[in-house]
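Colleague: After the structure tokens below, expect a handful of questions from me.
The values are calculated or read from the model by the stated rules, or taken from the named source; none is laboratory data. All values derive from a computational prediction rather than experimental measurement. Note that each Cβ is placed from the backbone with ideal geometry, even for glycine, and that neighbours are counted across all protein chains shown. Accessible surface areas use protein heavy atoms only, side chains included; no ligands, DNA or RNA. Shrake-Rupley method; radii C 1.70, N 1.55, O 1.52, S 1.80 Å.
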Amino acid sequence: MTNSPGRAEKLSSSAGSVVYDADVLVLGGGPAGTWAAISAAEQGARVVLADKGFCGTSGATAAAGTGVWYVDPVPERREAAMASREKLGGYLQDRRWMARVLDRTYAQSNQLADWGYPYPDDDDGRPQRNSLQGPEYMRLMRKRTKQAGVTILDHSPALELLVDGNGVVAGAAGLRRQKGDRWVVNAKAVVIATGGCAFLSKTLGSNVLTGDGYLLAAEAGAEFTSMEFSNAYAISPAFGSVTKTLFYSWASFTDEQGSVIPGASSKGGRSVIARALRKGPVYAQLDQADAATQRHMRASQPNFFLPFDRTGIDPFTQRFPITLRLEGTVRGTGGLRIIDDSCATTVPGLYAAGDAATRELICGGFTGGGSHNAAWAMSSGYWAGHGAAEFARQLGTTIGRQAFRRGAVGLRSGNGRPLQGGALARSVQDEVFPYELNYFREAGRLGESLARLDALWLDASTADAPSEQELLRGREAAAMLATARWMYRSALARQESRGMHRRDDYPGQDDRYLHFVTTGGLDEVWTSARPLASAQYAEAAE
Amino acid sequence: MIEVIDTEHCTACDICVSVCPTNVFDKTDGIPRIARQSDCQTCFLCELYCPEDALFVSPFADAPQTVDVAALKEATLLGSYRRAVGWVEESRHLRAADRSYRLFGH
């Protein structure tokens, strides 16, 4: 039996700010955040969840449909599911983590079914649980989060972490952007579930994902890993936001004249599409989908058809222009480094879940789709919430504890010039969107880009805080900038091609790089090599 | 991007103001205002949550469009996404219509 959780306590709401006292604060209200909040509340913790947007619609999942890495607990099927991914991921995965994520995802999915998620049955009446409709899933998760006694703060982006004199995380502070004031949550543990960073590329549902949680965690000293695996691009209609790369496996790809582009494909041929897009427009047509497949697509993913139905295009019989939108670390595998089974980070009291955390443990250097990321969100959310609640319990009373604000860039007074978030965000996009910089990487181009990014950082980190209305935009842009610098430093450090990371100057996989790249730092960005868990076990056995 | 709040059907319930993840709408004394259209990420979720089918999101993510509301109504495009995912009474069965399991592994 778990304790019936008390609610987080609202301490005061003096002019200009509201203060809460909680055991666990969860930042981010997507799948990982809601699972973390529910899990912490089930442990008896008093929980606050703060979302930048609206818990239930925020994030990459809510707007989309997602596969889920749900595999029946049959040993041969589990083995095949793990083995099938190892080559794609560049052999960086950890079997122990894959197995525990498969177990946990199975349990969480079945929990969703018990909560009433409308999973379909197949023609033989067997329930099918390897796909979730984002709006339906996240509407249910919001409801269950509230029912668990969690206090949800919507439209309440976090700006910075609070840390005590011993370096232990003590909460966070942020904005209530629809009320025009501030919030502070004093908490004994914090879960970062703010998603990855897609650099405002308008890939579906991802414009809330600007790496905000990375920045505030880095300011408290957190480390990152696998940030070189951050150059996933998704196919969408050139004019639209709906990315559903799976459906393009039934597509043919043609150039302006209508000639088929040799080698172009959604799987294994997306780099060909990127190269073709540098020369001119590329068109797709889903002409390989038969009538039954077309019906299944319509039933499974109604949002995929909105751009077509609303512009009078039949995607099965007509060509339409496509583009590739950067998904960055949302569909990459890099993120906050976690150091144990409870998804603790290197900062005491700070936990990470979902796309904000690295997915290297189950995906290595490639994810390819929602499936593994969705499984990771459920699993890591569950573990991080549990771990944070346990940390809070062991910490005991914190009355009288002093907390210090750790935010810096865009929040303090500087050289008299306010941080220009909008302009900075565009400058960062100019470094991470171009295929010749990010998709196809090379030492010279990466180095030049880093020099420009470092100069932007010097400028941003010495700027004044912008006005209250521009504060969030400034912090978002600074987070994008920090993310880009970790990405490219890590990309320089990996002098090979592996997973999604491809180097024009090192096109092959090189076993001297069969390790993880750790990175961190803000004014000075550093990288270091870290052995795989399997290598550590081997050493210990010797 | 969000283009239309249909004044004929909007009841000023302000649900769109709450649910928009990128905070595009502002409350007013009457019906909400599209205050920051360029922040719209074209996720269509405001449309999905609008109980009156009063909103229309144009599929063009990067540029505003001129939209003819009468033509949208004529083409029954208002509320079409809600009906397609089963978030209205008459199509509730579609909530469990997901056939992704037939598409994976292609």
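Colleague: Return the only residue of B:68, B:29 being surrounded by fewer than 20 Cβ atoms within 10 Å (Cβ to Cβ) and within 25 Å of residue A:177 (Cα to Cα).
Modeller: Values: B:68 fails: within 25 Å of residue A:177 (Cα to Cα).
Checking each option against the conditions leaves just B:29.
Colleague: What residue, among those in the range B:14-26 that are on the phi < 0 side of the Ramachandran plot and touching a Lys or Arg at 6+ places or on another chain (Cβ under 9 Å), is surrounded by the fewest Cβ atoms within 10 Å (Cβ to Cβ)?
Modeller: Residues of the range B:14-26 on the phi < 0 side of the Ramachandran plot: B:15-22, B:24-26.
In the following step, the residues that additionally are touching a Lys or Arg at 6+ places or on another chain (Cβ under 9 Å) were identified as B:17, B:21-22, B:24-26.
Details: B:17: 21, B:21: 28, B:22: 24, B:24: 21, B:25: 26, B:26: 13.
Among those residues, the one meeting the criterion is B:26.
Colleague: Look at residue A:40 and say whether it is assigned to a helix (DSSP H, G or I) and in the same structural domain as residue A:159 (by TED's automatic domain parsing).
Modeller: On the way: assigned to a helix (DSSP H, G or I): yes; in the same structural domain as residue A:159 (by TED's automatic domain parsing): yes.
For residue A:40, the condition - assigned to a helix (DSSP H, G or I) and in the same structural domain as residue A:159 (by TED's automatic domain parsing) - is met.
Colleague: Right, another one. Looking for whichever is in contact (Cβ under 8 Å) with a residue 24 or more places away in the chain, under 24 Å from residue B:20 (Cα atoms) and either open to solvent by 20 Å² or more (accessible area, probe 1.4 Å) or among the basic types (Lys, Arg) (or both) here; the options are B:60, B:56. Which one fits?
Modeller: None of the other options fit; the residue is B:60.
Colleague: Can I ask one more? Select from the range A:171-214 the residues that are small (Gly, Ala, Ser) and assigned to a loop (DSSP other than H, G, I, E, B) and list them in ascending order. Lay out the reasoning, then the answer.
Modeller: Going residue by residue through the range A:171-214, those that are small (Gly, Ala, Ser) are A:171-174, A:180, A:187, A:189, A:193, A:195-196, A:198, A:201, A:205-206, A:211, A:213.
Matches in the range A:171-214: A:180, A:187, A:193, A:195, A:196, A:198, A:201, A:205, A:206, A:211.
Colleague: Related question: Quick check on this structure: which one of A:306, A:277 is touching a residue at least 12 places away in the same chain (Cβ under 8 Å) and within 14 Å of chain B (Cβ to nearest Cβ)? It would help to see each step written out before you state the result.
Modeller: On the way: A:277 fails: within 14 Å of chain B (Cβ to nearest Cβ).
So the residue among A:306, A:277 that is touching a residue at least 12 places away in the same chain (Cβ under 8 Å) and within 14 Å of chain B (Cβ to nearest Cβ) is A:306.
Colleague: On to the next question. Considering only the range A:217-333, give the strands (runs of 3 or more DSSP E) lying wholly within it that have at least 2 residues that are more than 26 Å from the chain's Cα centre (by Cα), of a type outside the set (Phe, Trp, Tyr) and on the phi > 0 side of the Ramachandran plot.
Modeller: Details: elements: A:232-237, A:252-254, A:282-285, A:320-328.
In the range A:217-333, there are no strands (runs of 3 or more DSSP E) which contain 2 or more residues that are more than 26 Å from the chain's Cα centre (by Cα), of a type outside the set (Phe, Trp, Tyr) and on the phi > 0 side of the Ramachandran plot.
Colleague: With respect to the numbered conditions (1) more than 23 Å from residue A:344 (Cβ to Cβ); (2) away from chain B (no Cβ under 14 Å); (3) open to solvent by less than 20 Å² (accessible area, probe 1.4 Å), which one is the sole condition not fulfilled by residue A:137?
Modeller: With respect to (1) more than 23 Å from residue A:344 (Cβ to Cβ); (2) away from chain B (no Cβ under 14 Å); (3) open to solvent by less than 20 Å² (accessible area, probe 1.4 Å), residue A:137 is out only on (2).
Colleague: Looking at residue A:83, is it over 23 Å from residue A:215 (Cα atoms), modelled with pLDDT under 95 and either in contact with a Lys or Arg (Cβ under 6 Å, 6 or more places away or on another chain) or more than 14 Å from chain B (Cβ to nearest Cβ) (or both)? Steps first, please.
Modeller: Working: over 23 Å from residue A:215 (Cα atoms): yes; modelled with pLDDT under 95: yes; either in contact with a Lys or Arg (Cβ under 6 Å, 6 or more places away or on another chain) or more than 14 Å from chain B (Cβ to nearest Cβ) (or both): yes.
The answer is yes for residue A:83.
Colleague: May I pose another question? Can you pull out the residues in the range A:389-420 that are more than 31 Å from the chain's Cα centre (by Cα) and on the phi > 0 side of the Ramachandran plot?
Modeller: Across the range A:389-420, the qualifying residues are A:396, A:400, A:416.
Colleague: When both residues are 6+ apart or on different chains and their Cβ atoms are under 8 Å apart, which pairs have a first residue that lies in the range B:13-28 and is in contact (Cβ under 8 Å) with a residue 12 or more places away in the chain and part of a loop (DSSP other than H, G, I, E, B), and a second that is surrounded by fewer than 19 Cβ atoms within 10 Å (Cβ to Cβ) and polar (S, T, N, Q)?
Modeller: Matching pairs, first to second residue: B:23/A:178; B:24/B:37.
Colleague: Scanning for something touching a Pro at 6+ places or on another chain (Cβ under 8 Å), open to solvent by less than 30 Å² (accessible area, probe 1.4 Å) and within 16 Å of residue A:25 (Cα to Cα), does the range A:392-402 turn up at least one residue? Walk me through how you get there before you give the answer.
Modeller: Residues of the range A:392-402 that are touching a Pro at 6+ places or on another chain (Cβ under 8 Å), as a first pass: none.
The answer is no; no qualifying residue exists.
Colleague: Looking only at the range A:367-390, count every residue that is surrounded by fewer than 24 Cβ atoms within 10 Å (Cβ to Cβ), at pLDDT 95 or above and either not in a helix (DSSP H, G or I) or not charged (D, E, K, R) (or both) and tell me the total.
Modeller: 1
Colleague: Among A:173, A:232, A:218, which is the only one that is touching a residue at least 12 places away in the same chain (Cβ under 8 Å) and surrounded by fewer than 24 Cβ atoms within 10 Å (Cβ to Cβ)?
Modeller: On the way: A:232 fails: surrounded by fewer than 24 Cβ atoms within 10 Å (Cβ to Cβ); A:218 fails: surrounded by fewer than 24 Cβ atoms within 10 Å (Cβ to Cβ).
Criteria check complete, one pass: A:173.
Colleague: Identify the single condition in (1) out of contact with any His (no Cβ under 8 Å at 6 or more places or on another chain); (2) open to solvent by less than 20 Å² (accessible area, probe 1.4 Å) that residue A:212 does not satisfy, given that it satisfies every other one.
Modeller: (2)
Colleague: Would you check which residues across the range A:507-530 are over 21 Å from residue A:484 (Cβ atoms), open to solvent by less than 60 Å² (accessible area, probe 1.4 Å) and out of contact with any Lys or Arg (no Cβ under 7 Å at 6 or more places or on another chain) and list them?
Modeller: A:508, A:510, A:530
Colleague: Moving on to the next point. Would you check which residues across the range B:53-106 are part of a loop (DSSP other than H, G, I, E, B) and β-branched (Val, Ile, Thr) and list them?
Modeller: Kept after step one, since they are part of a loop (DSSP other than H, G, I, E, B), are these residues of the range B:53-106: B:53-54, B:58-68, B:75-79, B:86-88, B:97-99, B:103-106.
Once the filter is applied, which keeps residues that are part of a loop (DSSP other than H, G, I, E, B) and β-branched (Val, Ile, Thr), the range B:53-106 yields B:66, B:67, B:76, B:88.
Colleague: Let me ask something else. If a residue has to be within 14 Å of chain B (Cβ to nearest Cβ), among the acidic types (Asp, Glu) and open to solvent by 40 Å² or more (accessible area, probe 1.4 Å) to count, how many in the range A:94-134 make the cut?
Modeller: 3
Colleague: Name, by its number, the condition in (1) in contact with a Leu (Cβ under 9 Å, 6 or more places away or on another chain); (2) under 23 Å from residue A:139 (Cβ atoms); (3) modelled with pLDDT of 95 or more that does not hold for residue B:32.
Modeller: With (1) in contact with a Leu (Cβ under 9 Å, 6 or more places away or on another chain); (2) under 23 Å from residue A:139 (Cβ atoms); (3) modelled with pLDDT of 95 or more applied to residue B:32, the lone miss is (1).
Colleague: Now, a different point. Answer with yes or no whether residue A:61 is part of a loop (DSSP other than H, G, I, E, B), closer than 30 Å to residue A:304 by Cα, at pLDDT 95 or above and touching a strand residue (DSSP E or B) at 6+ places or on another chain (Cβ under 8 Å).
Modeller: The answer is yes for residue A:61.
Colleague: Tell me which residues, restricted to the range A:248-272, are open to solvent by less than 10 Å² (accessible area, probe 1.4 Å), within 14 Å of chain B (Cβ to nearest Cβ) and either under 29 Å from residue A:516 (Cβ atoms) or modelled with pLDDT under 95 (or both).
Modeller: A:266
Colleague: For residues that are outside any helix (DSSP H, G or I) and not basic (Lys, Arg), tally how many sit in the range A:116-144. Walk me through it before giving the result.
Modeller: Initially, the range A:116-144 is screened for residues outside any helix (DSSP H, G or I), giving A:116-133.
From what's left, not basic (Lys, Arg): A:116-125, A:127-128, A:130-133.
Selection size over the range A:116-144: 16.
Colleague: Which of the residues that make up the range A:156-170 are open to solvent by less than 10 Å² (accessible area, probe 1.4 Å) and not in a strand (DSSP E or B)?
Modeller: Once the filter is applied, which keeps residues that are open to solvent by less than 10 Å² (accessible area, probe 1.4 Å) and not in a strand (DSSP E or B), the range A:156-170 yields A:156, A:157.
Colleague: Consider residue A:433 carefully, then state whether it is under 27 Å from residue A:277 (Cα atoms), out of contact with any helix residue (DSSP H, G or I) (no Cβ under 9 Å at 6 or more places or on another chain) and either open to solvent by less than 20 Å² (accessible area, probe 1.4 Å) or at pLDDT 95 or above (or both).
Modeller: Numbers: under 27 Å from residue A:277 (Cα atoms): yes; out of contact with any helix residue (DSSP H, G or I) (no Cβ under 9 Å at 6 or more places or on another chain): yes; either open to solvent by less than 20 Å² (accessible area, probe 1.4 Å) or at pLDDT 95 or above (or both): yes.
It is true that residue A:433 is under 27 Å from residue A:277 (Cα atoms), out of contact with any helix residue (DSSP H, G or I) (no Cβ under 9 Å at 6 or more places or on another chain) and either open to solvent by less than 20 Å² (accessible area, probe 1.4 Å) or at pLDDT 95 or above (or both).
Colleague: How many residues does the range A:41-63 contain that are surrounded by fewer than 24 Cβ atoms within 10 Å (Cβ to Cβ) and under 22 Å from residue A:105 (Cα atoms)?
Modeller: Adding up the residues that qualify gives 2.
Colleague: Right, here's the next one. Could you please find all residues in the range B:81-94 being open to solvent by less than 50 Å² (accessible area, probe 1.4 Å) and either aliphatic (A, V, I, L, M) or facing chain A (nearest Cβ under 7 Å) (or both)? Break it down into steps so the answer makes sense when it comes.
Modeller: The first filter runs over the range B:81-94 and keeps only residues open to solvent by less than 50 Å² (accessible area, probe 1.4 Å), leaving B:81-82, B:84-88, B:91.
Correct list: B:81, B:84, B:85, B:88.
Colleague: Somewhere in the range A:335-344, is a residue of a type in the set (Gly, Ala, Ser), at pLDDT 95 or above and outside any strand (DSSP E or B)? Give the derivation first.
Modeller: Here is the first cut: in the range A:335-344, the residues of a type in the set (Gly, Ala, Ser) are A:335, A:342, A:344.
From the residues that got through so far, the ones that are at pLDDT 95 or above too are A:335, A:342, A:344.
From what is left, the residues that are outside any strand (DSSP E or B) are A:342.
There is at least one residue in the range A:335-344 that is of a type in the set (Gly, Ala, Ser), at pLDDT 95 or above and outside any strand (DSSP E or B).
Colleague: Continuing with this model, one more query. Identify, from the list A:361, A:286, A:326, the residue that is of a type in the set (A, V, I, L, M, F, W, C), touching a helix residue (DSSP H, G or I) at 6+ places or on another chain (Cβ under 6 Å) and within 14 Å of chain B (Cβ to nearest Cβ).
Modeller: Numbers: A:361 fails: within 14 Å of chain B (Cβ to nearest Cβ); A:326 fails: touching a helix residue (DSSP H, G or I) at 6+ places or on another chain (Cβ under 6 Å).
That would be A:286, the only listed residue that is of a type in the set (A, V, I, L, M, F, W, C), touching a helix residue (DSSP H, G or I) at 6+ places or on another chain (Cβ under 6 Å) and within 14 Å of chain B (Cβ to nearest Cβ).
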